[in-house]
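The values are calculated or read from the model by the stated rules, or taken from the named source; none is laboratory data. All figures in this text were calculated on a predicted structure; none of them were measured in a lab. All Cβ positions, even for glycine, are placed from backbone atoms using ideal geometry, and neighbour counts span all protein chains on display. Heads up: the accessible areas ignore ligands, DNA and RNA and are worked out on the full protein's heavy atoms, side chains in. Shrake-Rupley method; radii C 1.70, N 1.55, O 1.52, S 1.80 Å.
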Amino acid sequence: MSDDLTDLLHEVADRHRAAPPVPGQEIRRLAERRGRRRRAAYASGAAAVVLALAGGLTVAFTGHDGARPEPPAAASATAPPRPSPEQPQRATATVDLTQHELVLSGRRLPVSGGTAQHPTPTGRMTVVAKYPERRLPGATVGLGTEYDVAMHWVVELRAADGTTTYLVALAYNEQAPGERDVTHGWIGLRSADAKWCYRLLRPGDVIRVNRTGPAPG
């Protein structure tokens, strides 16, 4: 009976026996090993966070699967071209020699055509040049060969066959336009009207000259 009690007492003593003391050097070695494990764990966690952020930014800037956005599609080849500001629409004018009238940009201006001896050529004419002032022999305006006349607001016209005529200001006879034909084949206008036409017309513009009645007698 005493032996059993003795064994039980020894067992209880062994269970509650204090752990043997650990030397200080061993404690430092364990502490350093634990610190290295903690630093490694922190580094692994930071790397995982960086990778996760990079993946999120990639999705945000390049799409759901990381692919870069495609460039915008080229304009359709069938789309109508835009009008170029350097290529304005051409003006078109008509001259009715019978009615003594020029129509341009919605305005109707009185004109004077050539006489029976010097008729104004008809047909499709193209503007080839402009002159704010041009000196011409007086014979071309019926003033005789001894004169040299300065004409103003001159627009030179040319037909397909090379025939040339002019729009000019009849400064020497402002009353003739709209009333009678007095030129040597030119199309004469009042000075203010000739200046307006000069400013509006450009080389390449078309003027159609026609006669709806008989030529002047």
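Some notes on this structure:
- Residue count for region 145-182 under the criterion of being over 19 Å from V103 (Cα atoms) and in contact (Cβ under 8 Å) with a residue 40 or more places away in the chain: the result is 4.
- Single unsatisfied condition, T212 versus (1) over 18 Å from T126 (Cβ atoms); (2) polar (S, T, N, Q); (3) modelled with pLDDT of 95 or more: (3)
Conditions tested, residue by residue: (1) open to solvent by 40 Å² or more (accessible area, probe 1.4 Å); (2) assigned to a loop (DSSP other than H, G, I, E, B); (3) modelled with pLDDT under 85.
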| position | (1), (2), (3) |
| --- | --- |
| R68 | yes, yes, yes |
| A73 | yes, yes, yes |
| A77 | yes, yes, yes |
| P83 | yes, yes, yes |
| Q87 | yes, yes, yes |
| A93 | no, no, no |
| Q99 | yes, yes, no |
| R108 | yes, no, no |
| Q117 | yes, yes, no |
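- As a summary of the residue check, R208 satisfies the conditions (1) open to solvent by less than 10 Å² (accessible area, probe 1.4 Å); (2) part of a strand (DSSP E or B) except for the one numbered (1).
- Matching residues, region 167-199, being in contact with a Ser or Thr (Cβ under 9 Å, 6 or more places away or on another chain) and either assigned to a strand (DSSP E or B) or of a type in the set (S, T, Y) (or both): V168, A169, T183, I187, G188, L189
- Boolean, A176 is hydrophobic (A, V, I, L, M, F, W, C), within 25 Å of S105 (Cα to Cα), at pLDDT 90 or above and open to solvent by less than 20 Å² (accessible area, probe 1.4 Å): yes
- Yes/no for G138 being modelled with pLDDT under 95, open to solvent by 30 Å² or more (accessible area, probe 1.4 Å) and at negative phi: no
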